[in-house]
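Note sheet for the following structure.
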Amino acid sequence: MPRQEELDKMDFHERMNVFRRYFAFSRYSRLIIQQSLIISALDASYISKVKEVENAQKKEFFDIFKKIKSYGYLDDFLIAVKEEIQALQKITDAYEKRMNLLK
């Protein structure tokens, strides 16, 4: 996440793109966590890695949230959060439809 000075130089659309990229990276990280979780069935050493990476991701999110709030860009961030909620809903809807087809 850029520093405050960098965010200050950006217009609204540029900041939104930064936040969107962050959420895209976060989704990617969740897939890596899921992959490690599945691999742990074959290699128990992955269990601690899963916990470590998951905890790090949670901490990072809350740290970034605090920074964005302290920078004065909470309203922009919350707009991106709402977009991300909608994107995640579309993804889960697609999975639900696919899963219903498999029944």
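The values are calculated or read from the model by the stated rules, or taken from the named source; none is laboratory data. Please read these numbers as outputs of a predicted model, since none were measured by experiment. Heads up, the Cβs are rebuilt from the backbone with ideal geometry, glycines too, and the neighbour counts pull from every protein chain shown. Surface accessibility is based on the protein's heavy atoms, side chains included, excluding ligands, DNA and RNA. Shrake-Rupley method; radii C 1.70, N 1.55, O 1.52, S 1.80 Å.
Pairs are defined by a Cβ separation below 7 Å, a sequence spacing of at least 6 or placement on different chains, a first member in segment 67-84 that is closer than 15 Å to Phe23 by Cβ and of a type in the set (A, V, I, L, M, F, W, C), and a second member that is assigned to a helix (DSSP H, G or I) and open to solvent by 70 Å² or more (accessible area, probe 1.4 Å); the pairs so defined are Ala80/Arg20. The condition of being part of a helix (DSSP H, G or I), modelled with pLDDT under 95 and open to solvent by 80 Å² or more (accessible area, probe 1.4 Å) holds for only one of Lys59, Lys97, that being Lys97.
Residues in segment 1-32 that are without any contact (Cβ under 8 Å) to a residue 60 or more places away in the chain, under 21 Å from the mean Cα position of the chain (by Cα) and not in a helix (DSSP H, G or I): Pro2, Arg3.
If you go through segment 33-47 and pick out every residue that is part of a helix (DSSP H, G or I) and either touching a Ser or Thr at 6+ places or on another chain (Cβ under 9 Å) or surrounded by 14 or more Cβ atoms within 10 Å (Cβ to Cβ) (or both), you end up with 6.
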